[in-house]
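For reference, the structure is listed below as structure tokens.
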Amino acid sequence: MLKDEKVASWLDEKGNTRSLWLQGSAGIGKSVIAAHLSKFRSLGNRVVVRHFCNNLYASSTEYDQILKSVIRQLLERSDDSIAYVYRILIMERKPLTVSALETLIQELISLLSGTAQERRLIWVILDGVDACEAASLARCIALMDLIATKDTAAGTVVCKVLFTSRHEPYKQRARTRSIVQLGKENSQHRVSIQLYAVRRLQSPLISDRLSQLGVDTDEMTDLGHEIAAKADGEIPTSTARDEHPILTRSTGMFLYARLIIDYLSKQLFRTSADFRGAIEELPPELKDL
């Protein structure tokens, strides 16, 4: 993903991409990618704010709670920010309305961005935003768009924003941002799944067991590629697609690769051929997903 032109531009402090939307089906790896982008951009003590919207936790999808999550993370980066919020909310006793939270986020970002001589770019990642209700999502998008389009007095960008979701953004808003559709980035995405699968197989717990079966490093790489192929919906040419609906559904999904490896790591195999055969058969538990 780091090689994708839009993603690279969003990550680059001098890149023109200020607002990026990462879109793809469930299990395709949006949150994994968002987490890695956050970790990568956090290097060098850069300011990165990330919020994950989860249907299992209603509070994480409520607009005011998203704002509070962003504010909390911004406050962690500066004592001056804490002092500023204390003065506004405690000393001046301003009511904590949603509008006040929106204004506070903008002011904190402006404060953290520094001066023209010591500019500090801020990255905000909102992961899984389609878990939010339509009204909350629309308001969240509007606020982040406003923040992302602001410049410093010197004309430099203050903040960059990344959204991830299963569905495409509102059509009327789509022109204002770059969109990366994971399902359509098949070549790069297959490589990403391969790397994930190989690294999982080479982890100490699994690699030790494979070594006992006589599987060397090169063979682990081959096995990882086979798992990635299954996770990307590849079906043997001798097999009808309707005989493997699970593979049809799994196209491009990191989730299936993870589940396959989790399943394999818990099974007992006598030979490497048994291990490879298990990859071909696929675990029956996946049929219930």
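The values are calculated or read from the model by the stated rules, or taken from the named source; none is laboratory data. Computed from a predicted structure; not experimentally measured. When we count neighbours, we look across all protein chains shown, and the Cβ atoms used for this are built from the backbone with ideal geometry, even at glycine.
Determine which member of the set Leu121, Leu137, Leu146 is more than 20 Å from the chain's Cα centre (by Cα), in the same structural domain as Tyr63 (by TED's automatic domain parsing) and either modelled with pLDDT under 95 or not hydrophobic (A, V, I, L, M, F, W, C) (or both).
Numbers: Leu121 fails: more than 20 Å from the chain's Cα centre (by Cα); Leu137 fails: more than 20 Å from the chain's Cα centre (by Cα).
Of the residues listed, the single one that is more than 20 Å from the chain's Cα centre (by Cα), in the same structural domain as Tyr63 (by TED's automatic domain parsing) and either modelled with pLDDT under 95 or not hydrophobic (A, V, I, L, M, F, W, C) (or both) is Leu146.
What's the number of the condition Tyr57 fails, among (1) of a type in the set (Ser, Thr, Tyr); (2) over 25 Å from Glu133 (Cα atoms); (3) without any contact (Cβ under 8 Å) to a residue 12 or more places away in the chain?
(2)
Just one of Leu75, Leu67, Leu111, Leu96 is over 26 Å from the mean Cα position of the chain (by Cα) and under 16 Å from Val124 (Cα atoms); which is it? It would help to see each step written out before you state the result.
On the way: Leu75 fails: over 26 Å from the mean Cα position of the chain (by Cα); Leu67 fails: over 26 Å from the mean Cα position of the chain (by Cα); Leu96 fails: under 16 Å from Val124 (Cα atoms).
When all the criteria are applied, what remains is Leu111.
Pull out all pairs, ordered by first then second residue, where Cβ-Cβ is under 6 Å, the residues are six or more apart or on different chains, the first lies in the range 206-233 and is within 16 Å of Tyr263 (Cα to Cα) and of a type in the set (Asp, Glu), and the second is surrounded by 15 or more Cβ atoms within 10 Å (Cβ to Cβ) and modelled with pLDDT under 90.
These pairs meet every condition: Glu226/Ile279.
So, restricting to helices (runs of 4 or more DSSP H) that lie completely within the range 174-275, which ones have at least 1 residues that are modelled with pLDDT of 80 or more? Walk me through it before giving the result.
Details: elements: 186-201, 204-212, 217-231, 245-249, 254-265.
Result: 186-201, 204-212, 217-231, 254-265.
Looking for whichever is touching an Asp or Glu at 6+ places or on another chain (Cβ under 9 Å), assigned to a helix (DSSP H, G or I) and in contact (Cβ under 8 Å) with a residue 60 or more places away in the chain here; the options are Ser9, Ser31. Which one fits?
Ser31
Please go through the range 8-34 and pick out each residue that is out of contact with any strand residue (DSSP E or B) (no Cβ under 6 Å at 6 or more places or on another chain), at pLDDT 90 or above and buried (at least 17 other Cβ atoms within 10 Å of the Cβ).
Leu11, the sole residue that qualifies.
Among Arg46, Arg50, Arg41, Arg87, which is closer than 26 Å to Asp151 by Cα and at pLDDT 95 or above?
On the way: Arg46 fails: at pLDDT 95 or above; Arg41 fails: at pLDDT 95 or above; Arg87 fails: at pLDDT 95 or above.
One residue alone meets the criteria, Arg50.
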